[in-house]
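The values are calculated or read from the model by the stated rules, or taken from the named source; none is laboratory data. None of the values given here were measured: they were computed from a predicted structure. With ideal geometry, Cβ positions are generated from the backbone for all residues, glycine too; neighbour counts draw on all protein chains shown. Heavy atoms of the whole protein, side chains included, go into the accessibility calculation; ligands, DNA and RNA do not. Shrake-Rupley method; radii C 1.70, N 1.55, O 1.52, S 1.80 Å.
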Amino acid sequence: MPFLLEMRDLTRAYQGLRPLRIRDLQVAPGAVLHLTGFDAEAAEMFVHLLTGAALPDEGDVRLFGTSTREITDAEGWLRSLDALGLVSHRAVLIDMLSVRQNMAMPLTLQVDPMPDAVRAQVDALAAEAGVTPSLLDEPLGRIDPETHVRVRLARALAQSPRLLVAEHPTVGLPRDAVAGLARDVAAIARHRQAALLTLTAAAEWAGHAGGEVLSLSARTGELVRGGSFLERMRRALGGA
């Protein structure tokens, strides 16, 4: 079965720091995979490489079977992203608009008034992502950090992605919110038969979402199963 994402022998310099190196990463359909060892800058570059917003200095990135080097026009680039759902704090949200209006933006630019069909679709996405119904008409700038993440999740689900990518989703969240969010995101991915790829430094996240943990060696680019991150995860959950 073809991989949804492949990165091989990848090197990319960024911000004058040590280059981001990834020796071999493969994400199969339905996989649940958590990557650690990516700080904020490295995670941002990883997402740029994944989406084709940046190209590797060496190596190759293949998203849904197509090398990002082969995408040469805006239309092809947008098509390559159709089946990718990205949950990122860098995705633009507008504080003065309501929660519902922010969730509608991947579907339409007509958010005031919002077409009835779009409203129904948005409300269904909100329910799936665990957004409290009473918050839908509140200005986004007034809501709590966890709901912000769930709004980003709902937006990421709008185009029915085959690969759901969460970039440090727990940043700014209270610790007691992490477990429920992790379980919900993993359950949504399973229900939709989508793969889930998370870049995270939160041990609790992987512990509650399940799946496999890979730790990046920045020097070699190797992704190592388990290791110190897995041990921290087990300790955080009270395991052996």
Roughly how much of residue 152 is accessible, in Å² to the nearest 10, using a 1.4 Å probe? 40 Å²
In segment 168-182, whose amide N lies under 18 Å from the spot 7 Å out along Cα-to-Cβ of residue 138? List them in ranges. 172-178, 181
Treating only the Cα positions of segment 117-190 as identical point scatterers, give the base-10 log of I(q)/I(0) from the Debye formula at each q in 0.16, 0.17, 0.19, 0.23 Å⁻¹. -0.56, -0.64, -0.80, -1.16
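Taking all protein chains in place and a 1.4 Å probe, what share, in percent, of the accessible surface of the chain do carbon and sulfur account for? Provide the component values of the computation, followed by the final result.
Values: 5890 of 11550 Å².
Answer for the chain: carbon and sulfur cover 51 percent of the accessible area.
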Quick check: with the 1.4 Å probe, what order do 77, 205 take by accessible area, largest first? 77, 205
Residue 36 accessible area, nearest 10 Å², 1.4 Å probe? 10 Å²
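Just subtract the alpha-carbon distance of residue 26 and residue 53 from 0.36 nm times their residue separation and send over the number in nm, one decimal.
Working: separation 27, 0.36 × 27 = 9.72 nm, distance 1.95 nm.
Full extension of this stretch gives 7.8 nm more.
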Less than 18 Å from a label point 7 Å out along the Cα-to-Cβ axis of residue 117: which backbone N atoms in segment 140-159 qualify, by residue? 158-159
Counting heavy atoms of the protein chains only and a 1.4 Å probe, report the per residue accessible area for segment 161-203 as a whole number of Å². 40 Å²
Specify the residue with the greatest mean-square fluctuation among 139, 113, 56, computed from a Gaussian network of the chain linking alpha-carbon atoms under 10 Å apart. 113
Against the rule of thumb 2.2 N^0.38 Å, how large the Cα Rg of the chain comes out: 1.01
Output the antiparallel fraction of DSSP beta bridges having both residues in the chain, as a percent to the nearest 5. 50 percent
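Between residue 217 and residue 67, what length in nm is gained on full extension when 0.36 nm per residue of separation is reduced by their alpha carbon distance?
The residue 217-residue 67 span can extend by a further 51.6 nm.
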Please work out whether segment 11-97 counts as rounded, prolate or oblate from its C-alpha gyration tensor, where a ≥ b ≥ c are the square roots of the eigenvalues and a/c under 1.5 means rounded, while otherwise a/b larger than b/c means prolate and anything else oblate? rounded
For segment 87-159, with every protein chain kept in place, what is the accessible area per residue (1.4 Å probe, Å²)? 50 Å²
